[in-house]
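Asks: Here it is, the structure, as structure tokens.
The values are calculated or read from the model by the stated rules, or taken from the named source; none is laboratory data. Predicted, not measured: the structure shown is a model, and the values here were computed from it. Cβ placement follows ideal geometry from the backbone for every residue including glycine, while neighbour counts extend to all protein chains displayed. Heavy atoms of the whole protein, side chains included, go into the accessibility calculation; ligands, DNA and RNA do not. Shrake-Rupley method; radii C 1.70, N 1.55, O 1.52, S 1.80 Å.
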Amino acid sequence: MKQHFINNRWVAPASGEFIPVINPSNGQTFDNLARGNAQDIDVAVRAARAAFEGPWGRLTATERGRLLQKLSQAMLDHAEELAQLESQDCGKPLKQARADVTAIARYFEFYAGAADKLMGETIPYQNGYTVLTLREPQGVTGHIVPWNYPLQIFGRSVGGSLAAGNACVVKPAEDACLSLLRVAEIAAEVGFPAGAINVVTGYGHEAGDALTRHPGIDHISFTGSPNIGKLVVQIAAEHHTPVTTELGGKSPQVVFADADLDVLVPVVVNAIVQNAGQTCSAGSRVLVERSIYETVIARLTQTFEQLRVGPAEMDLDCGPLIRQTQLQRVKGFLDEAQRDGLKIAAQGQLVKEASSDGFYQVPTLIRDVPPTHRLAQEEVFGPVVAIMPFDDEAHAVALANGTEFGLVSSIWTRDGARQMRLARQMRSGQVFINNYGAGGGIELPFGGVKASGHGREKGFEALYSFTVLKTISIKHD
Ligand code: NAD
């Protein structure tokens, strides 16, 4: 039974109610977590404010950085425990959960080093003046975290916010939050002052909504679905609270005839199989120059058919989806594709050890998907990839940019001029050339355009979102 973690202590939910925690690999309840409401959020926001105005806010940037570094090391010291929790809670194969622990430790390491390098500027102005800028923390930041990468998303948003000097209130997803409660507890153990990191669990429409509406929140970092992202922005506008949104994508991999297929095939497969396709930057559309279209399908088919799906603890290529409703959603896309006569080119295999009560979907490659089909336009959030041909560069760009999203794209070609020409035409926050970074790259600014959201997380750039720029003009002559 897990309570909220507020002010460095376990706190019972005001409602007295708990939510079952289900293991996606077998559908069994294995723990319970506090059902947070507006009262719990208020307690957490007050705790964060007191920390910001008190012991946490008084630390120098260097001292903050040292604490972040200590937490980074402590997470590595607890790596196996955190990986097991994340794996059981999210249904991730263990090697993926271990990679997520490495990533959160690296986020904290990166932001530890950045904390005392966040500087303002002096600005040339009129004679007789000196003008300078200060980058000040926002104050209390709210973080609404989804279930697909709890550790990583905590690392990138809470890590950046703490480095910039803010105190944080985190609302993880109701489906997966055990690892984050443990990270908050470890932070207290390594010496973070009470109230610097607070975690309130519960449903989005209760705890998440209360966090969004709270007048004491100075910035919200939201990662999740486009509809809820839009709602959060609208509600936050009531108090003029700035919001960073990261809302997923329908990211294209554009493959030209001169691409190195030996390099490309494993990368393209991993970009959709990783985390069972429940990755905002999953490479869910593969666009292939017509002359090599059948060759690429044949090569991908060979690999897809070898993919094994099963319980997280078996550590196979792919685990279950997060919950029953997500499985139904993915199956809905596949049923529609079948009704519309689309062809499945290849599928992975479900191992016999997989429980019939788990939420399994085998990786599926669907060919000749018309660009206007739902499968080519909407985020499935499962291990389903749509493949389609293109005729020339202009056609490739039109297809790549032809969805409402714009998170990540990739271009596979050895032609250097084409690489840069296309990179500039892609309407996405990141462009990878001859590689693909689904979720990767702690140092690389990340975020979308269009329905993929706005603002940037990761890298040094993220620190700017978590600060307010103050301009000071001094007249001295
Ligand atoms: P969601 O948007 O419902 O949930 C994300 C987070 O928002 C969770 O913590 C949730 O509790 C919270 N939330 C939900 N309703 C809220 C509200 N009214 N106010 C404030 N917070 C609220 O996403 P989901 O239902 O978990 O997943 C549905 C779809 O979202 C997926 O199929 C996928 O398309 C997308 N998704 C994208 C990402 C991403 O990284 N971009 C992550 C998860 C889900």
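Asks: Only one of GLY348, GLY358 is open to solvent by less than 30 Å² (accessible area, probe 1.4 Å) and either touching a Lys or Arg at 6+ places or on another chain (Cβ under 9 Å) or more than 19 Å from PRO24 (Cβ to Cβ) (or both); which?
Replies: Within the list GLY348, GLY358, the selection yields GLY348.
Asks: Something else: With the condition kept exactly as written, say whether any residue in the range 20-30 is at pLDDT 95 or above and farther than 19 Å from ASP89 by Cβ.
Replies: Start the filter on the range 20-30 by keeping residues that are at pLDDT 95 or above, which leaves 20-30.
Restricting the remaining residues to those that are farther than 19 Å from ASP89 by Cβ gives none.
Within the range 20-30, not a single residue is at pLDDT 95 or above and farther than 19 Å from ASP89 by Cβ.
Asks: Residue by residue through the range 284-336, note down the ones that are part of a loop (DSSP other than H, G, I, E, B), of a type in the set (Lys, Arg) and in contact with a helix residue (DSSP H, G or I) (Cβ under 9 Å, 6 or more places away or on another chain).
Replies: Residues satisfying the conditions do not exist here.
Asks: Sticking with this one: Output the number of the condition that GLY248 fails; it satisfies all remaining conditions of (1) at pLDDT 95 or above; (2) open to solvent by less than 20 Å² (accessible area, probe 1.4 Å).
Replies: (1)
Asks: Residue under question is PHE192, and the condition is that it be part of a loop (DSSP other than H, G, I, E, B) and in contact with a Leu (Cβ under 7 Å, 6 or more places away or on another chain); does it hold? Talk me through it step by step, then tell me what you get.
Replies: Numbers: part of a loop (DSSP other than H, G, I, E, B): yes; in contact with a Leu (Cβ under 7 Å, 6 or more places away or on another chain): yes.
Taking the combined requirement at face value, the residue satisfies it.
Results for (1) in contact with a Pro (Cβ under 9 Å, 6 or more places away or on another chain); (2) in contact (Cβ under 8 Å) with a residue 40 or more places away in the chain; (3) not assigned by TED's automatic domain parsing to the domain that holds LYS343, shown as yes or no for each residue.
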{"site": "ALA354", "(1), (2), (3)": "yes, yes, no"}
{"site": "LEU365", "(1), (2), (3)": "no, yes, no"}
{"site": "PRO371", "(1), (2), (3)": "no, no, no"}
{"site": "ARG374", "(1), (2), (3)": "no, yes, no"}
{"site": "GLU378", "(1), (2), (3)": "no, yes, no"}
{"site": "PHE381", "(1), (2), (3)": "no, yes, no"}
{"site": "ILE387", "(1), (2), (3)": "no, yes, no"}
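Asks: Take the residues in the range 193-208 that are surrounded by fewer than 24 Cβ atoms within 10 Å (Cβ to Cβ) and away from the ligand (no atom under 11 Å from the Cβ); name whichever of them is farthest from TYR107 (Cα to Cα). Spell out how you get there, then give the answer.
Replies: Narrowing the range 193-208 to residues surrounded by fewer than 24 Cβ atoms within 10 Å (Cβ to Cβ): 193-194, 203-206.
From the residues that got through so far, the ones that are away from the ligand (no atom under 11 Å from the Cβ) too are 193-194.
Values: PRO193: 20, ALA194: 22 Å.
Here the residue is ALA194.
Asks: Return a yes/no flag: does the range 442-449 have any residue that is farther than 20 Å from GLY249 by Cβ and more than 16 Å from the ligand (Cβ to nearest atom). Working first, answer last.
Replies: To start, the set of residues in the range 442-449 that are farther than 20 Å from GLY249 by Cβ comprises 443.
So of that shortlist, the ones also more than 16 Å from the ligand (Cβ to nearest atom) come out as 443.
Checked against the condition, which is being farther than 20 Å from GLY249 by Cβ and more than 16 Å from the ligand (Cβ to nearest atom), the range 442-449 yields at least one hit.
Asks: While we're looking at this one, here's another question. Would you check which residues across the range 89-127 are more than 16 Å from the ligand (Cβ to nearest atom), open to solvent by less than 10 Å² (accessible area, probe 1.4 Å) and touching a residue at least 60 places away in the same chain (Cβ under 8 Å) and list them?
Replies: PRO93, ALA97, TYR111, ALA114
Asks: Then there is this: Could you look through the range 410-426, keep only residues that are in contact (Cβ under 8 Å) with a residue 24 or more places away in the chain and either of a type outside the set (Lys, Arg) or not assigned by TED's automatic domain parsing to the domain that holds ASP392 (or both), and pick out the one that is farthest from VAL269 (Cα to Cα)?
Replies: Restricting attention to the range 410-426, the residues satisfying the condition of being in contact (Cβ under 8 Å) with a residue 24 or more places away in the chain are 410-415, 418, 421-422, 425-426.
The next check asks that each one be either of a type outside the set (Lys, Arg) or not assigned by TED's automatic domain parsing to the domain that holds ASP392 (or both); those that pass are 410-413, 415, 422, 425-426.
Numbers: SER410: 14, ILE411: 15, TRP412: 14, THR413: 18, ASP415: 23, LEU422: 23, GLN425: 25, MET426: 22 Å.
Filtering first and then ranking leaves GLN425.
Asks: Among the candidates ALA48, ALA74, single out the residue that is touching a Cys at 6+ places or on another chain (Cβ under 9 Å), among the small types (Gly, Ala, Ser) and either at pLDDT 95 or above or in a loop (DSSP other than H, G, I, E, B) (or both). Lay out the reasoning, then the answer.
Replies: Working: ALA74 fails: touching a Cys at 6+ places or on another chain (Cβ under 9 Å).
Only one candidate passes the filter, namely ALA48.
Asks: Across the range 241-300, which residue is farthest from the chain's Cα centre (by Cα) among those that are farther than 15 Å from LEU365 by Cβ and among the hydroxyl-bearing types (Ser, Thr, Tyr)?
Replies: Ranking the candidates gives SER291 first.
Asks: If you don't mind, another one. Exactly one condition in (1) open to solvent by 10 Å² or more (accessible area, probe 1.4 Å); (2) within 14 Å of SER72 (Cα to Cα) is not met by LEU162; state its number.
Replies: Going through the list (1) open to solvent by 10 Å² or more (accessible area, probe 1.4 Å); (2) within 14 Å of SER72 (Cα to Cα), LEU162 breaks only (1).
Asks: Considering only the range 209-227, I want to know if a residue exists there that is β-branched (Val, Ile, Thr), in a loop (DSSP other than H, G, I, E, B) and either touching a residue at least 60 places away in the same chain (Cβ under 8 Å) or open to solvent by 10 Å² or more (accessible area, probe 1.4 Å) (or both).
Replies: Initial filter on the range 209-227 (β-branched (Val, Ile, Thr)): 212, 217, 220, 223.
Retained after the next criterion (residues that are in a loop (DSSP other than H, G, I, E, B)): 217.
Of the ones still in play, those that are also either touching a residue at least 60 places away in the same chain (Cβ under 8 Å) or open to solvent by 10 Å² or more (accessible area, probe 1.4 Å) (or both) are 217.
So far as the range 209-227 goes, yes, one or more of its residues are β-branched (Val, Ile, Thr), in a loop (DSSP other than H, G, I, E, B) and either touching a residue at least 60 places away in the same chain (Cβ under 8 Å) or open to solvent by 10 Å² or more (accessible area, probe 1.4 Å) (or both).
Asks: Just one of the numbered conditions (1) surrounded by 24 or more Cβ atoms within 10 Å (Cβ to Cβ); (2) part of a helix (DSSP H, G or I) is not true of ALA236; which one?
Replies: Answer for ALA236: the failing condition is (1).
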